[in-house]
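The values are calculated or read from the model by the stated rules, or taken from the named source; none is laboratory data. Please read these numbers as outputs of a predicted model, since none were measured by experiment. As a convention, Cβ positions derive from the backbone with ideal geometry for all residues, glycine included, and neighbour counts pool all protein chains shown.
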Amino acid sequence: MNLKKIAAPVEEELKVFQKQFSHVLKSKVALIDLITKYILRQKGKKIRPILVILSAKLCGKVNDRTYVAANLVELLHTATLIHDDVVDEAKTRRGIASINAVWKNKAAVLIGDYLLSKGLLISLDNDEFEFLKTTSEAVKRMSEGELLQIQKARNFDATEETYFKVISDKTASLIKTCCVLGALSTSKDRKNIDRLGKYGENIGIAFQLRDDLLDYTGRKKLLGKSTGNDLKEKKFTLPLIISLQNAPKKKSSEIMKLIKGDSLKKFESVYDFVNEYGGIEYTIDKVQHYSKNATNAISKFPQSEEKASLIRLIDFVSMREY
């Protein structure tokens, strides 16, 4: 399953979006222009604009409002990635040097702020107040999710319930927003808008579950990602949380001691631990559960190329290796 096939029904619309997005990023300030050109060279998966346009086409006919929505979410997503790289002290993004690695933290934070403000202005300039309200709610949830994760990493006390609260806010909220804004741009049918919102929330949770699973089971090196990053940052993700619950108290205490320490060899021990005590298996089951929820959420839409692509995207998210 590849994204090219998934994006096929919106291929022409994505070309229009890409042109608009390049234009939106332009600035009269030379440094901003230099950095945004660098951003455009980083070829991301473009899952969010694909979701906006597919959702819009599923509910009606793509129009100018759809492109406003696609630009808004991509600006917001790009801003959060840049800020995340500063927080995580990441040196690479999609296989090339991150903004903070090239231009340092201050410029990276400011360019993230610039992109966020551009997104807000796009909404206001087009009188899209419902877009702005929906997106602001997502930004609030994303910030709360990140801060809750930081709090739990410091206290070493994450639970399964907390974990799902974190990933629902941190990742799924923006994916949900993509689907809701796409639907809002072409339809006033609240039931269909809500159905796509549920689809987005569930596929977003499945996406993050898969991401956290890949941190244990392997990554494609060309993307500059490696296994064990969450562990280095003391992030408690589902495979580890479940294994700590399942294992005998003594074994769990040993692993917690290892995680709290600075041993370079801890990843191998923790990887064996999450395999032995069911963390990997349990997480795979949860990916399937939320994938099924996403499929059910859009089951009432009539068959179409767009619906088929949204179903394919569920398979892509739940089985991706990168």
**Message:** Quick check on the stretch 36-50. Is at least one of its residues at pLDDT 95 or above and either of a type in the set (Ser, Thr, Tyr) or surrounded by 17 or more Cβ atoms within 10 Å (Cβ to Cβ) (or both)?
**Reply:** yes
**Request:** Output yes when any residue across the stretch 184-193 is closer than 22 Å to ILE314 by Cβ, surrounded by fewer than 17 Cβ atoms within 10 Å (Cβ to Cβ) and free of Cβ contacts under 8 Å to residues at least 60 places away in the same chain, and no when none is.
**Result:** yes
**Asked** Looking only at the stretch 295-311, which residues are touching a residue at least 24 places away in the same chain (Cβ under 8 Å) and within 19 Å of LYS176 (Cβ to Cβ)?
**Response** ALA297, ILE298, LYS300, PHE301, GLU306, LYS307, SER309, LEU310
**Asked** LEU54: assigned to a helix (DSSP H, G or I), touching a residue at least 12 places away in the same chain (Cβ under 8 Å) and touching a Leu at 6+ places or on another chain (Cβ under 6 Å), yes or no?
**Response** yes
**Message:** Condition check: assigned to a helix (DSSP H, G or I) and either over 20 Å from the mean Cα position of the chain (by Cα) or not hydrophobic (A, V, I, L, M, F, W, C) (or both). Does GLU268 satisfy that?
**Reply:** yes
**Item:** Hits in the stretch 236-255 (condition: in contact with a helix residue (DSSP H, G or I) (Cβ under 7 Å, 6 or more places away or on another chain) and surrounded by fewer than 18 Cβ atoms within 10 Å (Cβ to Cβ))
**Value:** SER252
**Asked** So, in the stretch 151-184, of the ones that are of a type in the set (D, E, K, R) and in a helix (DSSP H, G or I), which residue ends up nearest to PHE129 (Cα to Cα)?
**Response** LYS176
